[in-house]
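The values are calculated or read from the model by the stated rules, or taken from the named source; none is laboratory data. Predicted model, so just to flag it, every value in this text is computed and none were measured. Counting neighbours? That spans all protein chains shown, and the Cβs are built from the backbone with ideal geometry, glycine included.
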Amino acid sequence: MTSPDELLALARDIALEAGELARRRREEGVTVAATKSALADIVTEADREVEALIRARLDAARPGDAFLGEESGADGREADITWVVDPIDGTVNYAYGLPEWAVSIAAVAGSADPAEWEALAGVVYCPATGDVFAASREGGAWLGERRIRTNAEVGPAGGLIATGFGYDPATHAAALDQLARVMPIARDIRRAGAASLDLAAVAAGRHDAYYERGLNPWDHAAGALLVAEAGGIVSGAPGDRPGKAMTIAASPGIYDRLVEVLDF
Ligand code: LIP
């Protein structure tokens, strides 16, 4: 069986190549190819091209593995390892020319079901900043060569808490009600627009917590491993795995308070 660190080395190499392609396409100008689940949910030609590159590199290196990508879906293979990929997480930021977008690649044991998989390795690469966040199971979480950990404690002013809003306008009223309940425990709120980078920020102590409803497996597969390996707590609703219903990632010093105000 390939070790998590070997899977991580492959994921990192591919993420760097994919991120460079995405960065070049951004400089050349971005074309929206289609909308998906809602008018605001766009896919660019670069999303599709970058995912095709990642898929080709993984197929060449590990032809027996399975694949689940945001743009091309699941290949339906039965395999010991499944690669869960968001080629450009933060697509809207990418299309507008904002820097908060990332290549997110994770390797999981078992199926591509967040309720069942065991995350083994994950990389979140932000070409705009050069930040390479990486984690392997029981290997810790890293930013470049530096080991990262969630914040040891949350100050008296409250937590720096990130969140996001889904593409479906029908979900926004409930999300705003939830945000109103969170504000009393927050020093401030951040909304960066890329779940993988929000999760990486929790792992690196740049956020105290992050929560969002409606995430897809590829949005959180790598970032959730980063947070867990950095000493944070990752869940869906309490006792559940992260998923569509809810994703929560927090330093231990604020997790319980956040769960309480989210009021499941
Ligand atoms: C995005 C997430 C973000 C969420 C957006 C969207 P995409 O993923 O990273 O956190 O708020 O609605 O789901 O579509 O850019 O890959």
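Condition check for Ala66 on (1) touching a residue at least 24 places away in the same chain (Cβ under 8 Å); (2) within 14 Å of the ligand (Cβ to nearest atom): one failure, at (2).
Scanning the range 183-233 for residues that are among the hydroxyl-bearing types (Ser, Thr, Tyr) and part of a helix (DSSP H, G or I) yields a count of 1. For the range 110-143, the set of residues classified as closer than 20 Å to Ile88 by Cβ and of a type in the set (D, E, K, R) consists of Asp131 only. Being surrounded by 24 or more Cβ atoms within 10 Å (Cβ to Cβ), of a type in the set (Gly, Ala, Ser) and more than 15 Å from the ligand (Cβ to nearest atom) is the filter here; which residues of the range 182-227 pass it? Ala203 - this is the single residue of the range 182-227 that is surrounded by 24 or more Cβ atoms within 10 Å (Cβ to Cβ), of a type in the set (Gly, Ala, Ser) and more than 15 Å from the ligand (Cβ to nearest atom). Between Val108, Val132, Val50, the distinction of being within 16 Å of the ligand (Cβ to nearest atom) and either in contact with a helix residue (DSSP H, G or I) (Cβ under 7 Å, 6 or more places away or on another chain) or closer than 25 Å to Ala203 by Cα (or both) belongs to Val50 only.
Considering the range 7-28, and only residues there that are in contact (Cβ under 8 Å) with a residue 60 or more places away in the chain and basic (Lys, Arg), the residue that is surrounded by the fewest Cβ atoms within 10 Å (Cβ to Cβ) turns out to be Arg23. Gly110 passes every criterion in (1) more than 22 Å from Ala245 (Cα to Cα); (2) in the same structural domain as Arg77 (by TED's automatic domain parsing) apart from (1).
Conditions (1) within 12 Å of the ligand (Cβ to nearest atom); (2) without any contact (Cβ under 8 Å) to a residue 12 or more places away in the chain; (3) in contact with a strand residue (DSSP E or B) (Cβ under 6 Å, 6 or more places away or on another chain), marked per residue:
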{"position": "Thr171", "(1), (2), (3)": "yes, no, no"}
{"position": "Leu179", "(1), (2), (3)": "no, no, no"}
{"position": "Glu229", "(1), (2), (3)": "no, no, yes"}
{"position": "Gly243", "(1), (2), (3)": "no, no, no"}
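Condition check: more than 13 Å from the ligand (Cβ to nearest atom) and in contact with a Cys (Cβ under 8 Å, 6 or more places away or on another chain). Does Pro114 satisfy that? No; evaluated as a whole, the condition is false for this residue. On the given criteria, is Ala201 of a type in the set (Gly, Ala, Ser), modelled with pLDDT of 95 or more and in contact with a Lys or Arg (Cβ under 9 Å, 6 or more places away or on another chain)? Spelling it out, Ala201 is indeed of a type in the set (Gly, Ala, Ser), modelled with pLDDT of 95 or more and in contact with a Lys or Arg (Cβ under 9 Å, 6 or more places away or on another chain).
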